[in-house]
Amino acid sequence: MPTAPLVDQLRLLDLQDLDTTIARLGHERRSLPVLTQIAELTGRADDLHDELVLAASAAGDARRALTKAEADVEQVRSRARRNQERLDSGQGLSRELVALQEELEHLAGRQATLEEAELEAMEVAEETDARVTALKEQSASVATDLESLGAERDAAFTRIDADVAARRSERDELAGTLPGPLLDEYEAARRQTGGLGAVAVRGHRAEGVAVDFTLAEQSMIDRAAEDEILVSEDHGFILVRVGDRR
């Protein structure tokens with residue numbers, strides 16, 4: 001088995017503590033509650049945008065319909081005014097004046113129908129405009145909340161990133177004091193286990209992890225020389241003996 005002074009092996013536990021802290025900080029950064037809030041609000045903002053596009057389109061259609069209704073009413077009113085003026089002048093044959101009177105009556109009915117349609121178009125336009133205004137207000141409120149949450153996220157990122165940078169600096173300094181082969185063994189163990197490179201072992205009990213050693217591993221721990229680098233065959237991490245050897 002490869003060997004390394006026990007004092008160096010013990011420093012692996014400090015290195016593992018730093019790696020565990022760095023991993024925890026990374027998980028904290030990815031799992032900040034504010035990120036969930038931002039994702040939810042971003043989804044709401046997207047929904048509001050889609051709703052606003054549809055509402056603006058509906059409002060535009062309603063305004064065009066109102067403009068047409070107003071034009072139709074004005075056209076009938078103008079024709080009615082012209083006919084009334086001709087009728088009031090008394091000029092023309094009697095049958096022409098009778099025809100004008102009949103047309104005025106027809107135009108009055110037509111005007112009433114068109115004015116009713118104009119009122120309905122106006123109501124629809126007002127409703128669609130109000131819908132657009134409400135959605136714009138909601139969108140502005142969500143944007144404000146997102147800006148606030150973004151600032152909260154950035155502050156948390158800054159704090160965590162500074163902590164990670166400090167821990168990485170400590171790690172690099174500590175790793176630089178370890179023998180190359182021992183460090184390589186530790187890094188290989190971390191790759192195999194997904195992050196756990198060294199575990200403190202007191203007697204036949206691992207500290208900080210819930211594992212039971214086989215009889216063969218217990219025998220290996222008991223028989224190994226102090227400077228031997230012990231690696232758990234079942235779990236892959238380095239076993240660093242810290243006392244109470246059996």
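Brief remarks follow.
- The stretch 115-165 versus the stretch 10-36: alpha-carbon centroid distance in Å: 36
- Here the Karplus relation 6.51 cos²θ - 1.76 cosθ + 1.60, evaluated at θ = phi - 60°, turns the backbone of the stretch 149-157 into coupling constants of 5, x, 5, 5, 4, 4, 5, 5, 4 Hz, with x for every Gly and Pro.
- Label point 7 Å beyond Cα of residue 133 along Cβ direction - residues of the stretch 43-75 with amide nitrogen under 16 Å: 56, 59-60, 63
- Only Lys, Arg, Asp and Glu carry charge here, each on its Cβ (+1 for the first two, -1 for the last two); on that basis the chain has a dipole of about 340 debye about its Cα centre.
- Our estimate of slack between residue 218 and residue 152, defined as 0.36 nm per intervening residue step minus the Cα-Cα distance, is 18.7 nm.
- Relative to the dominant Cα principal axis of the chain, helix 6-30 is inclined by about 10°.
- Only Lys, Arg (+1) and Asp, Glu (-1) charged, at Cβ; the stretch 129-246 dipole about Cα centre in debye: 180
- Options 125, 206, 157, ranked by Cα towards positive dipole end of the chain, top entry (Cβ charges): 206
- Residues residue 44 and residue 163, FRET efficiency given R0 of 30 Å [Cβ-Cβ distance, rounded to 0.05]: 0.40
- Given +1 at the Cβ of Lys and Arg, -1 at the Cβ of Asp and Glu and no other charges, the dipole of the stretch 32-171 around its Cα centre is 440 debye to the nearest 20.
- The order of the peptides 16-28, 211-223 by mean Cβ neighbours within 10 Å, most packed first, is 16-28, 211-223.
- Distance between modelled label sites at residue 177 and residue 120, nm, 7 Å Cα→Cβ extension: 8.7
- Note on the chain: helix-only mean residue ellipticity at 222 nm, from DSSP H runs of 4+ residues weighted -39500 (n - 2.57) and normalised by residue number, equals -28000 deg cm²/dmol.
Each reported figure results from applying straightforward, stated rules to the coordinates on display, with no laboratory input. Just so we're clear, the structure is a prediction, and the values are computed from it rather than from any experiment. Cβ coordinates were reconstructed from backbone atoms using ideal geometry, including for glycine residues, and neighbour counts include every protein chain displayed.
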